1. Can you pull out the residues in the range 1-60 that are modelled with pLDDT under 60 and in a helix (DSSP H, G or I)?
2. Looking for something in a helix (DSSP H, G or I), modelled with pLDDT of 90 or more and buried (at least 16 other Cβ atoms within 10 Å of the Cβ) - is there at least one such residue anywhere in the range 63-76?
3. Could we say that LEU95 is touching a residue at least 60 places away in the same chain (Cβ under 8 Å) and part of a helix (DSSP H, G or I) here?
4. Within the range 116-133, can one find any residue that is in contact (Cβ under 8 Å) with a residue 60 or more places away in the chain and outside any helix (DSSP H, G or I)?
5. For LEU101, state whether it is under 17 Å from the mean Cα position of the chain (by Cα) and in contact (Cβ under 8 Å) with a residue 60 or more places away in the chain.
6. Among the residues in the range 80-91, are any over 30 Å from SER36 (Cα atoms), not in a helix (DSSP H, G or I) and not small (Gly, Ala, Ser)?
7. For residues that are of a type in the set (Val, Ile, Thr), surrounded by 10 or more Cβ atoms within 10 Å (Cβ to Cβ) and more than 21 Å from the chain's Cα centre (by Cα), tally how many sit in the range 141-167.
Amino acid sequence: MTEQYQNPYAAPDPAGDTSVDFGPEAENQVTPRMVSLLRATRPWVLLLSIIGFISCGFMLIGSLAIIAVSAVGAELQDDEFGALGPVVMGVIYLLMGLIYLIPSVYLYRYSSSINRLRYAPGSRNLESVIDSQRSFWKCVGILTLMGIGLSVILFIAIIAVTASNVSRM
């Protein structure tokens, strides 16, 4: 018995995947229930994307305010390095706002593709909805891995700085 090993965690190969046979009657068939279920999720997806855009706007305004206030404060005190901490924090806040903008854009695209499916049900539009959803989750996964990696690096850096300060005592 020669059985080929198939990795269950491998990404599917759309061009060569013949393991599922939907039959000719299922091709290009989008049921009203499919559209209805996706349409029911659209308001929530849209709400979360709008909240994401608003949050990014607040982060942008907040970061610019932090940078401006710290720059003015340093100028009033004649201390060019005293405002460095808040300026760095403002820049980090600005970068975080820009990073959080990315998933909001993907959610908005997902919402738009659901709307297109609503008015023109078809397999191409359904594929677009699923592809938009895939792109969103891929983005969130990458950002999550980046966050975990950054947390580990910061944790190690904090331990190293603490250890070097303790050894000086």
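The values are calculated or read from the model by the stated rules, or taken from the named source; none is laboratory data. For clarity, every value in this text was computed on a predicted model and none was experimentally measured. Quick reminder, even Gly has a Cβ in these numbers, built from the backbone with ideal geometry, and neighbours come from all protein chains shown.
1. Of the range 1-60, the ones modelled with pLDDT under 60 are 1-3, 16-28.
Correct list: PRO24, GLU25, ALA26.
2. Yes, because at least one residue in the range 63-76 is in a helix (DSSP H, G or I), modelled with pLDDT of 90 or more and buried (at least 16 other Cβ atoms within 10 Å of the Cβ).
3. Values: touching a residue at least 60 places away in the same chain (Cβ under 8 Å): no; part of a helix (DSSP H, G or I): yes.
For LEU95, the condition - touching a residue at least 60 places away in the same chain (Cβ under 8 Å) and part of a helix (DSSP H, G or I) - is not met.
4. We begin by selecting, within the range 116-133, every residue in contact (Cβ under 8 Å) with a residue 60 or more places away in the chain; these are 117-118, 121-123, 125-126, 129.
Next cut, outside any helix (DSSP H, G or I) only: 121-122.
Yes, the conditions are met somewhere in the range 116-133.
5. Spelling it out, it is not the case that LEU101 is under 17 Å from the mean Cα position of the chain (by Cα) and in contact (Cβ under 8 Å) with a residue 60 or more places away in the chain.
6. Yes, the conditions are met somewhere in the range 80-91.
7. Looking only at the range 141-167, we keep the residues that are of a type in the set (Val, Ile, Thr), and these are 142, 144, 148, 152-153, 156, 158-159, 161-162, 166.
From what is left, the residues that are surrounded by 10 or more Cβ atoms within 10 Å (Cβ to Cβ) are 142, 144, 148, 152-153, 156, 158-159, 161-162.
Checking which are more than 21 Å from the chain's Cα centre (by Cα) leaves us with 156, 158-159, 161-162.
Result for the range 141-167: 5.
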